[in-house]
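Novice: What follows is a structure written as structure tokens; I'll ask about it next.
The values are calculated or read from the model by the stated rules, or taken from the named source; none is laboratory data. Computed from a prediction, not measured in an experiment: that's the story for all the values here. Here the Cβ positions follow ideal geometry from the backbone for every residue, glycine too, while neighbour counts run over all protein chains shown. Surface accessibility is based on the protein's heavy atoms, side chains included, excluding ligands, DNA and RNA. Shrake-Rupley method; radii C 1.70, N 1.55, O 1.52, S 1.80 Å.
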Amino acid sequence: MSTYFDELETRSRDAREAAQLEALNVQLARQGIDPLEDLSGLSALPVLRKADLVAKQAAEPPFGGLPVSNLAHVFQSPGPIYEPGGLSHDWWRMGRFLNACGIGRGDIVQNCFGYHLTPAGMIFESGARAVGAAVLPAGTGQTELQARAARDIGVTAYAGTPDYLKMILEKADEVGLELRITRAAVGGGALFPSLRQYYADRGIQCLQCYATADLGNVAYESPEMEGMILDEHVIVELVTPGTGDPVPEGDVGEIVVTTLNPDYPLIRFATGDLSAVLPGESPCGRTNTRIKGWMGRADQTTKIKGMFVRPEQVAQLVAKHAEIARARVVASREGEMDVMTVRIEAEGGDAATYEGTVAEVLKLKGKVELVAPGALPRDGLVIEDQRSYD
């Protein structure tokens, strides 16, 4: 089995960007959008959020008027959002991750992702097919039956949420079954270091990916486990929450993804998740950009004094004054009263003027605190809730 899924994983940055730009312009043309001269032009296009997709699909079912082709399945996620699925290629690009996990021909993968309505089960099955592995379509539940099937069939690899494999292993121990699982490809939940070590102590290498129902695989770990490597057929931007504006490299931002899947072109789809770019390349030899993985949710909507304050409103506040570089709303309490403080990075400007804009845009009065450029943390937060709910 090859170390790399294909030659795309080790190509130069220039070759990657040229190929992605060509594929991107094909996607844009299918939606009546003018071609771009370089990838940086993406930031001028609107962000597509889940709420937008729900509205589009309600107005023009089932896929909101997007040009879907080679349809084989239709899935449903909360919203509801309907996702197409296809069989014409590794539709969700999961094969690259499974290959990095060392899964391939001769392996039997116990796929414990759900097959009912949601696409997760099919996403991983498609990846297994791409690397030539067989699949036990186990889904979730009936843990003792799963353990017995794993023993009887000779399952060698697991796909599912990080914690469910532990339940299968413990059940196998309880009933005296010896399993042959040596690799685990996980997603859909947090892989805590202690859990990864538990698997390692049992001779199981456990790697994780970052994927969504709408986009498929976005990024994945290699055995070096130094960040998550972006898939070759997505373009990922990290933007300030509530905007489509890219953050400086290394800062935390919301993950916005453009897929190069010709059958389902999603342009600047906002995941609502936070991450940051890691410098350099992976020691494994894969040359694509790496991200730190999941670092929280970008939707920081917070209720203050009975009113919702949203990241988009903070972005509007910044846009009102050219001298403002960043702003951060801090919710706290004094006694039994909510307090809103707006910390503003600006070169010059007048706090009293900003207080008026705060009241106009956020619909609440708050104290304005001016800070020097660079003083606010680059952690992706534009709304910080310091109140204790204990």
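Novice: Return the residues of the range 25-53 that are under 22 Å from Leu238 (Cα atoms), open to solvent by 70 Å² or more (accessible area, probe 1.4 Å) and in a helix (DSSP H, G or I); say none if nothing qualifies.
Specialist: Within the range 25-53, Ser40, Ala44, Lys50, Ala51 meet the criteria.
Novice: What is the number of the single condition among (1) among the small types (Gly, Ala, Ser); (2) free of Cβ contacts under 8 Å to residues at least 40 places away in the same chain; (3) out of contact with any Pro (no Cβ under 8 Å at 6 or more places or on another chain) that Ala130 does not meet?
Specialist: (2)
Novice: In addition: Could you grab me the full set of residues in the range 277-293 that are in a loop (DSSP other than H, G, I, E, B) and not hydroxyl-bearing (Ser, Thr, Tyr)?
Specialist: Pro279, Gly280, Glu281, Pro283, Cys284, Gly285, Arg286, Asn288, Lys292, Gly293
Novice: I would also like to ask the following. Return the total of residues in the range 54-104 being of a type in the set (S, T, N, Q), under 25 Å from Tyr158 (Cα atoms) and not in a loop (DSSP other than H, G, I, E, B).
Specialist: The number of residues fulfilling the criteria is 3.
Novice: Just one of the numbered conditions (1) more than 30 Å from Tyr220 (Cα to Cα); (2) not in a loop (DSSP other than H, G, I, E, B) is not true of Leu274; which one?
Specialist: If we test Leu274 against (1) more than 30 Å from Tyr220 (Cα to Cα); (2) not in a loop (DSSP other than H, G, I, E, B), just (1) comes out false.
Novice: Counting only residues that are over 22 Å from Glu249 (Cα atoms), give me the strands (runs of 3 or more DSSP E) lying completely in the range 299-390 with at least 3 of them.
Specialist: 302-304, 307-309, 324-334, 337-346, 367-371
Novice: For the range 228-245, which positions are over 17 Å from Arg290 (Cβ atoms) and assigned to a strand (DSSP E or B)?
Specialist: Scanning the range 228-245 gives a single hit, Val239.
Novice: Now for a separate question. If I ask for residues that are of a type outside the set (A, V, I, L, M, F, W, C) and touching a strand residue (DSSP E or B) at 6+ places or on another chain (Cβ under 7 Å), which ones from the range 322-348 would you list?
Specialist: Those that are of a type outside the set (A, V, I, L, M, F, W, C) and touching a strand residue (DSSP E or B) at 6+ places or on another chain (Cβ under 7 Å): Glu323, Arg326, Arg328, Ser332, Arg333, Asp338, Thr341, Arg343, Glu345.
Novice: Please go through the range 104-119 and give me each residue that is of a type outside the set (Gly, Ala, Ser) and either touching a helix residue (DSSP H, G or I) at 6+ places or on another chain (Cβ under 6 Å) or free of Cβ contacts under 8 Å to residues at least 60 places away in the same chain (or both), ordered by number.
Specialist: Within the range 104-119, Ile108, Val109, Gln110, Asn111, Cys112, Phe113, Tyr115, His116, Leu117 qualify.
Novice: Between Thr140, Thr118, which is open to solvent by 10 Å² or more (accessible area, probe 1.4 Å), farther than 18 Å from Asp90 by Cα and not in a helix (DSSP H, G or I)?
Specialist: Criteria check complete, one pass: Thr140.
Novice: Determine whether the range 10-24 contains at least one residue that is in a loop (DSSP other than H, G, I, E, B), among the polar types (S, T, N, Q) and open to solvent by 40 Å² or more (accessible area, probe 1.4 Å).
Specialist: So far as the range 10-24 goes, yes, one or more of its residues are in a loop (DSSP other than H, G, I, E, B), among the polar types (S, T, N, Q) and open to solvent by 40 Å² or more (accessible area, probe 1.4 Å).
Novice: Across the range 96-115, what is the number of residues that are open to solvent by 10 Å² or more (accessible area, probe 1.4 Å) and over 14 Å from Asn217 (Cβ atoms)?
Specialist: 7
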